[in-house]
Amino acid sequence: MYMANKSQAPNPPTPDNWDAQLRKGCLELAILASLWAQPLYGLAILRALLSRGGMEVAEGTLYPILNRLRIDGLVTSEWQDAGTGHPRKYYTLTAPGRAKAKEMAAAWTDFSAQMDEIVSALRTKGKHHGDAN
């Protein structure tokens, strides 16, 4: 059995990679949303994420998430011959997947509005207490 050694605990995200951690936390919702209109195969999901939101995701990140979503019953997968000479695995949202996507989107909307309110002070012009300039 593997036991984590507390002295070797991973370092918390640094400010240099916090945006990567933020994206990683939102990927499940982004993937479910990309499947909302129609079933897609893996590369098409990657292209949709890039074209719709500028989100560049590695295949090595996408497929484990898709597998977990499939195990959780949120998507199904089916090999289909698309006439390209090799079959592609298409992913489709299930009814529970659609419900989860709606739930996650509502939570995201609330959270992003709260964060927008919190960080709004950072967008205001003028000198504030503690500013170096």
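Take the residues in segment 76-109 that are of a type in the set (A, V, I, L, M, F, W, C) and more than 12 Å from Ala33 (Cβ to Cβ), then tell me which one is farthest from the chain's Cα centre (by Cα). Working first, answer last.
Of segment 76-109, the ones of a type in the set (A, V, I, L, M, F, W, C) are 79, 82, 93, 95, 99, 101, 104-108.
From what is left, the residues that are more than 12 Å from Ala33 (Cβ to Cβ) are 79, 82, 95, 99, 106-107.
Working: Trp79: 24, Ala82: 27, Ala95: 19, Ala99: 17, Ala106: 15, Ala107: 14 Å.
Checking each candidate, the answer is Ala82.
Of all residues in segment 80-102, exactly one satisfies the criterion of being modelled with pLDDT of 95 or more and surrounded by fewer than 12 Cβ atoms within 10 Å (Cβ to Cβ), namely Ala95.
Go over the candidates Ser112, Ser77 one by one and state the one that is in contact with a Phe, Trp or Tyr (Cβ under 8 Å, 6 or more places away or on another chain), free of Cβ contacts under 8 Å to residues at least 60 places away in the same chain and not hydrophobic (A, V, I, L, M, F, W, C). Break it down into steps so the answer makes sense when it comes.
On the way: Ser112 fails: in contact with a Phe, Trp or Tyr (Cβ under 8 Å, 6 or more places away or on another chain).
Among Ser112, Ser77, only Ser77 is in contact with a Phe, Trp or Tyr (Cβ under 8 Å, 6 or more places away or on another chain), free of Cβ contacts under 8 Å to residues at least 60 places away in the same chain and not hydrophobic (A, V, I, L, M, F, W, C).
How about segment 73-97: which of its residues are in contact with a helix residue (DSSP H, G or I) (Cβ under 8 Å, 6 or more places away or on another chain) and not in a strand (DSSP E or B)? Gly73, Leu74, Gly97, listed by residue number.
Of the numbered criteria (1) modelled with pLDDT of 95 or more; (2) out of contact with any strand residue (DSSP E or B) (no Cβ under 9 Å at 6 or more places or on another chain); (3) not hydrophobic (A, V, I, L, M, F, W, C), the one Gln8 fails is (1).
Would a scan of segment 26-33 turn up a residue that is under 23 Å from Ser112 (Cβ atoms), in contact (Cβ under 8 Å) with a residue 24 or more places away in the chain and among the small types (Gly, Ala, Ser)?
Going residue by residue through segment 26-33, those that are under 23 Å from Ser112 (Cβ atoms) are 26-33.
Checking which are in contact (Cβ under 8 Å) with a residue 24 or more places away in the chain leaves us with 26-33.
Imposing the further condition that a residue be among the small types (Gly, Ala, Ser) reduces the set to 30, 33.
Yes, segment 26-33 contains a residue that is under 23 Å from Ser112 (Cβ atoms), in contact (Cβ under 8 Å) with a residue 24 or more places away in the chain and among the small types (Gly, Ala, Ser).
When restricted to residues that are surrounded by 14 or more Cβ atoms within 10 Å (Cβ to Cβ) and in a helix (DSSP H, G or I), segment 21-52 contains 17.
The values are calculated or read from the model by the stated rules, or taken from the named source; none is laboratory data. Quick caveat, the model's predicted, so the values are computed rather than measured. Virtual Cβ from ideal backbone geometry, glycine too; neighbours counted across all protein chains shown.
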